[in-house]
Amino acid sequence: MDAGTVLVDGEPRDAIAASDRGLAFGDGVFRTLRVQGGRPLNWARHHERLAADCRLLRLAPPDSNLLLRELARVAPGEAVAKILVTRGAAGRGYAPPATTRATRVVMAFPPAAHPPERAEAGVRVRRCDLVLSEQPRLAGAKTLNRLENVLARAEWDDASIHEGLVCDAAGRLVEGTMSNVFVVRGGVVATPRLDRCGVAGAQRARVLALLAQYGVTCGESDIPYEGLAAADEVFLTNSVIGAWPVASLDARTWAPGPVTRLVQRLIREDDARA
């Protein structure tokens, strides 16, 4: 990457120590977000989730204003930005050292070039064979150990499939490989509980809050994979895609529904407010 688009501990360089625990053990957390006109979208929730994940790993969360200044340096216009926090460099062995200096990486990438028809007409998804392991202590956190997502995404190379859905060992829907999932039935919106495994996205938190403010019944629940066939609508969210309607899964097809369209509008309006 261009050194101007990467900061490591505030310095323009594209390298970390080979002994960094984020590289060795996945001992760290990260967040990915959109920057529009130099403004990080949904920033308060992104920093809230980043700070919560840091505290879960007993890392000191980076200051919000510090991160905003660094984001402004690497992403002054339109970009997808990524923030990583690791426990820093240390010697061999799993035991965290008594004292470490965290590594902070802020980087920017070109805006994602997703075709607009994915948001308009919807996307085709599949069920992944990989089963997510359960670790309640880390459930919801976006740690640097994303190997399960990598392996799940490697299950297909069909360009007409845009996302894969992942379940736990009991066959409960958890998430997509890169997204959170929402299911609408009878006007009620549900998203899978993430108290056993999975990643709680900042966009997921925003959608739940915006729908509640709008008066739509929504919440977290256990969703059996087989229950998707009875859904009126299914949509995916993350901070880069916004909200994508699911158009097909297995033999089931959907047209983009009113709740999905409402969510897309509420996200756009919320992005425009700050």
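Looking at 271, 250, can you tell me which residue is open to solvent by 40 Å² or more (accessible area, probe 1.4 Å) and touching a residue at least 60 places away in the same chain (Cβ under 8 Å)? After applying the criteria, what remains is 250. Being part of a loop (DSSP other than H, G, I, E, B), farther than 23 Å from residue 113 by Cβ and touching a strand residue (DSSP E or B) at 6+ places or on another chain (Cβ under 6 Å) is the filter here, so list the residues in the stretch 172-195 that pass it. The answer is 193, 194.
Of the residues in the stretch 233-241, at least one is closer than 21 Å to residue 113 by Cβ and out of contact with any Gly (no Cβ under 9 Å at 6 or more places or on another chain).
For (1) within 25 Å of residue 270 (Cα to Cα); (2) among the small types (Gly, Ala, Ser); (3) open to solvent by 30 Å² or more (accessible area, probe 1.4 Å); (4) in contact (Cβ under 8 Å) with a residue 40 or more places away in the chain, each residue gets a yes or a no:
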site: 208; (1), (2), (3), (4): yes, no, yes, no
site: 212; (1), (2), (3), (4): yes, yes, yes, no
site: 215; (1), (2), (3), (4): yes, yes, yes, no
site: 225; (1), (2), (3), (4): no, no, no, yes
site: 233; (1), (2), (3), (4): yes, no, no, yes
site: 237; (1), (2), (3), (4): yes, no, no, yes
site: 242; (1), (2), (3), (4): yes, yes, no, yes
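Scanning the stretch 135-172 for residues that are open to solvent by 50 Å² or more (accessible area, probe 1.4 Å), hydrophobic (A, V, I, L, M, F, W, C) and closer than 11 Å to residue 198 by Cα returns a single hit, 138.
Which residue, of 124, 137, is at pLDDT 95 or above and part of a strand (DSSP E or B)?
Numbers: 137 fails: part of a strand (DSSP E or B).
So the residue among 124, 137 that is at pLDDT 95 or above and part of a strand (DSSP E or B) is 124.
List every residue pair whose Cβ atoms sit under 7 Å apart, with the two residues 6 or more apart in sequence or on different chains, where the first one lies in the stretch 13-29 and is under 10 Å from residue 143 (Cα atoms) and the second, anywhere, is open to solvent by 70 Å² or more (accessible area, probe 1.4 Å). Going by the 7 Å Cβ cut-off, the qualifying pairs are 26/145.
Note on the stretch 100-129: among residues that are in contact (Cβ under 8 Å) with a residue 40 or more places away in the chain, closer than 30 Å to residue 54 by Cβ and of a type outside the set (A, V, I, L, M, F, W, C), the one that is least open to solvent (accessible area, probe 1.4 Å) is 103.
The values are calculated or read from the model by the stated rules, or taken from the named source; none is laboratory data. Model, not experiment: these values are computed from the prediction. Because the Cβ atoms are built from the backbone with ideal geometry, glycine has one as well, and the counts that use them run over all protein chains shown. Areas reflect the complete protein model, heavy atoms only, side chains present, ligands, DNA and RNA absent. Shrake-Rupley method; radii C 1.70, N 1.55, O 1.52, S 1.80 Å.
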